[in-house]
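Asker: Could you have a look at this structure, given as structure tokens, before my questions?
The values are calculated or read from the model by the stated rules, or taken from the named source; none is laboratory data. This is a predicted model, so every value here is computed, not measured. Here the Cβ positions follow ideal geometry from the backbone for every residue, glycine too, while neighbour counts run over all protein chains shown. SASA here: full protein model, heavy atoms, side chains in, ligands and nucleic acids out. Shrake-Rupley method; radii C 1.70, N 1.55, O 1.52, S 1.80 Å.
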Amino acid sequence: RSAASRCHECPWQRLERLREEVPDVPFQMLLRGANAVGYTNYPDNLVYRFCKQAAASGIDVFRVFDSLNYLENLKLGIEAAGEAGGFVEAAICYTGDITDPSKGKYTLDYYLEYARQLAQLGVHSIAIKDMAGLLKPRAAALLVGAIRKELPDMLIHVHSHDTAGNSLASMLSAAEAGADGVDVA
């Protein structure tokens, strides 16, 4: 978005130039389901065309998410990225505290059921997306371990924003519990 609005460049051409210079490193993007890379829903054909162009220009991995874990909003992005030939990583947006049962809706069972539903959609991997830095080490171990037990062949990736200052410990716990990858940048 910045390439077009600030630098007056074609973002596809920029991506294609990067791909030429870095041919062996997978490129990943975030896709907001039916919202693509914007903040409003777009027509289905636009999302499909966007994913097709993104893949053609060099995107390999599509991390598809909805900040409210609304499955219906994710389906379009998952289907469009898959049809474009991308590696589809569906994200579970983490909030709450699964180690405290009094915290309401966002329990371990809630996240496990959501992971099951994502797997049924045929995604290649599942990311636990901790957008607010709320994933504590114990919760990371519980969640990753439970998903690993429930979906033993699913790739699990964990991403956290270090807002609370505990993501390093959480990433170590996630790795020890069976995560296949963690974001460390």
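Asker: Somewhere in the stretch 93-116, is a residue in contact with an Asp or Glu (Cβ under 6 Å, 6 or more places away or on another chain) and in contact (Cβ under 8 Å) with a residue 40 or more places away in the chain?
Answerer: So far as the stretch 93-116 goes, yes, one or more of its residues are in contact with an Asp or Glu (Cβ under 6 Å, 6 or more places away or on another chain) and in contact (Cβ under 8 Å) with a residue 40 or more places away in the chain.
Asker: If you don't mind, there's one more thing I want to ask. Val182 - would you say it is of a type in the set (A, V, I, L, M, F, W, C), touching a residue at least 40 places away in the same chain (Cβ under 8 Å) and closer than 26 Å to Ala81 by Cα?
Answerer: Values: of a type in the set (A, V, I, L, M, F, W, C): yes; touching a residue at least 40 places away in the same chain (Cβ under 8 Å): no; closer than 26 Å to Ala81 by Cα: yes.
Answer is no for this residue.
Asker: Go through the stretch 109-157 and report how many residues are of a type in the set (A, V, I, L, M), open to solvent by 50 Å² or more (accessible area, probe 1.4 Å) and in contact with a Leu (Cβ under 8 Å, 6 or more places away or on another chain).
Answerer: First, pick out the residues of the stretch 109-157 that are of a type in the set (A, V, I, L, M): 112, 115, 118-119, 121, 123, 126-128, 131-132, 134-135, 139-144, 146-147, 151, 154-156.
In the following step, the residues that additionally are open to solvent by 50 Å² or more (accessible area, probe 1.4 Å) were identified as 121, 131, 134, 142, 155.
Add one more test, that the residue is in contact with a Leu (Cβ under 8 Å, 6 or more places away or on another chain), and what stays is 121, 142.
Count: 2.
Asker: Taking the criterion of being without any contact (Cβ under 8 Å) to a residue 60 or more places away in the chain, in a loop (DSSP other than H, G, I, E, B) and under 21 Å from Ala179 (Cβ atoms), would at least one residue in the stretch 30-40 satisfy it?
Answerer: no
Asker: Can you tell me which condition Ser160 does not meet? The list is (1) at pLDDT 95 or above; (2) surrounded by 15 or more Cβ atoms within 10 Å (Cβ to Cβ), and all the others hold.
Answerer: Of everything listed in (1) at pLDDT 95 or above; (2) surrounded by 15 or more Cβ atoms within 10 Å (Cβ to Cβ), Ser160 misses just condition (1).
Asker: May I ask you to verify whether Ala80 is surrounded by fewer than 22 Cβ atoms within 10 Å (Cβ to Cβ), farther than 19 Å from Val158 by Cβ, modelled with pLDDT of 95 or more and under 17 Å from the mean Cα position of the chain (by Cα)?
Answerer: On the way: surrounded by fewer than 22 Cβ atoms within 10 Å (Cβ to Cβ): no; farther than 19 Å from Val158 by Cβ: yes; modelled with pLDDT of 95 or more: yes; under 17 Å from the mean Cα position of the chain (by Cα): yes.
Taking the combined requirement at face value, the residue does not satisfy it.
Asker: Can you tell me which residues in the stretch 21-73 are small (Gly, Ala, Ser), surrounded by fewer than 17 Cβ atoms within 10 Å (Cβ to Cβ) and over 13 Å from the mean Cα position of the chain (by Cα)? Break it down stepwise before answering.
Answerer: Going residue by residue through the stretch 21-73, those that are small (Gly, Ala, Ser) are 33-34, 36, 38, 54-58, 67.
Now drop any that are not surrounded by fewer than 17 Cβ atoms within 10 Å (Cβ to Cβ), which leaves 38, 56, 67.
Scanning the stretch 21-73 gives Gly38, Ala56.
Asker: Restricting to the stretch 42-96, give me the number of residues that are in contact with a strand residue (DSSP E or B) (Cβ under 6 Å, 6 or more places away or on another chain) and part of a helix (DSSP H, G or I).
Answerer: Of the residues in the stretch 42-96, 5 are in contact with a strand residue (DSSP E or B) (Cβ under 6 Å, 6 or more places away or on another chain) and part of a helix (DSSP H, G or I).
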